[in-house]
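Peer 1: Submitted below is the structure of interest, expressed as structure tokens.
Read-outs throughout are calculated quantities, based only on the coordinates presented, and are distinct from any laboratory measurement. Predicted model only: the values in this text are computed from it and were never measured. Glycine also receives a Cβ, built like all others from the backbone with ideal geometry; neighbour counts cover every protein chain displayed.
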Amino acid sequence: MTVLLWVAVPLRAQPQPNQKPSLPDPVKFINKYDIVWNVVHWALTENMGLGIELEDKRGGRIVTKPYEFITGSLTANEVQKVAVRKDTATGTWLKAHYTAEVLLEPVTNVETLVTVRTKIEALSRDMDGTEKWIPMDSLGVFEKNILGKVSMKLLGSEMQFDKKKGFWEKNPQPVDPRAPKPITPPPQ
């Protein structure tokens, strides 16, 4: 007689011991401050669709509004891809958001240093119904994404994602609108 044993695994994210923050270093662009400012603003607002909460051009600081990047049952799994938990609270994760802060510093007349940092938080609901935002340590995913978009725009070799190729790099073909022929049974 064979006995089958099922083990229940909790459906919340467990901290990964091998996850370490890998925040990108500040990037120095060989461009004037105003040009870099405009490109950073474009990358955050038009390219990524983030709202601006604080914009201080003279002080060299842009802070975005919180952007909800995941909600629902996959929140815990998705947050693990971009952040490390600092809190050991238990509960269900409902959603997560991040706020980006970009600092721009003029080094010379034609060099600008750009630093990107994010604040990531996840909303946790405990068994008693209390909810709280849990701060996380960023793994550097969002920071690298923002710096990558700025770099691609400033270097003039922006990647083109508009053309979608189909299966095996062929252009998509329209579906034949004719109805399939019915299958006729073989004569008996």
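Peer 1: Quick one: net charge of Tyr67's neighbours, Cβ under 12 Å, K/R +1, D/E -1?
Peer 2: My count for the surroundings of Tyr67 gives 0.
Peer 1: Between Leu50 and residues 5 or more places away or on another chain, which pairs have amide H atoms under 5 Å apart, with H built 1.01 Å from N, and which residues are they?
Peer 2: So Leu50 has HN proximity to Thr45.
Peer 1: How large is ³J(HN,Hα) for each residue in segment 124-135, as worked out from phi by the Karplus curve 6.51 cos²θ - 1.76 cosθ + 1.60 (θ = phi - 60°), to whole Hz, x for Gly and Pro?
Peer 2: 10, 10, 7, 4, 7, x, 6, 10, 8, 7, 9, x
Peer 1: Turning to a different aspect of this structure: Would you mind calculating the gained length between Asn38 and Lys81 on full extension (0.36 nm times residue separation, minus the Cα-Cα distance), in nm to one decimal?
Peer 2: Length gained between Asn38 and Lys81: 12.5 nm.
Peer 1: Let me ask something additional. Could you tell me whether segment 27-157 comes out rounded, prolate or oblate from its Cα gyration tensor? Rule is a ≥ b ≥ c as square roots of the eigenvalues, rounded for a/c under 1.5, then prolate if a/b exceeds b/c, otherwise oblate.
Peer 2: Prolate shape, in that a/c is at least 1.5 and a/b is the bigger ratio.
Peer 1: Any chance you could run the full-extension gain for Arg61 through Asp137? It's 0.36 nm times the residue separation minus the Cα-Cα distance, nm to one decimal.
Peer 2: 25.3 nm
Peer 1: Mind giving me the nanometre distance, one decimal, between the label points for Ile30 and Thr92, set 7 Å out from Cα along Cα→Cβ?
Peer 2: 5.5
Peer 1: Something else now. Quick one: which of Lys32/Lys65; Lys95/Lys153; Lys86/Lys153; Lys81/Lys119; Lys86/Lys132 span more than 23 angstrom between C-alpha atoms?
Peer 2: Lys32/Lys65; Lys95/Lys153; Lys86/Lys153
Peer 1: What relative contact order, as a whole-number percentage, does segment 27-157 give when Cα pairs under 8 Å and 6 or more residues apart are counted?
Peer 2: The value is 27 percent.
Peer 1: Turning to a different aspect of this structure: Obtain the nm distance between the two label points defined at Glu105 and Leu155 by a simple spin-label model: each point lies 7 Å from its Cα along the Cα-to-C-beta direction.
Peer 2: 2.3
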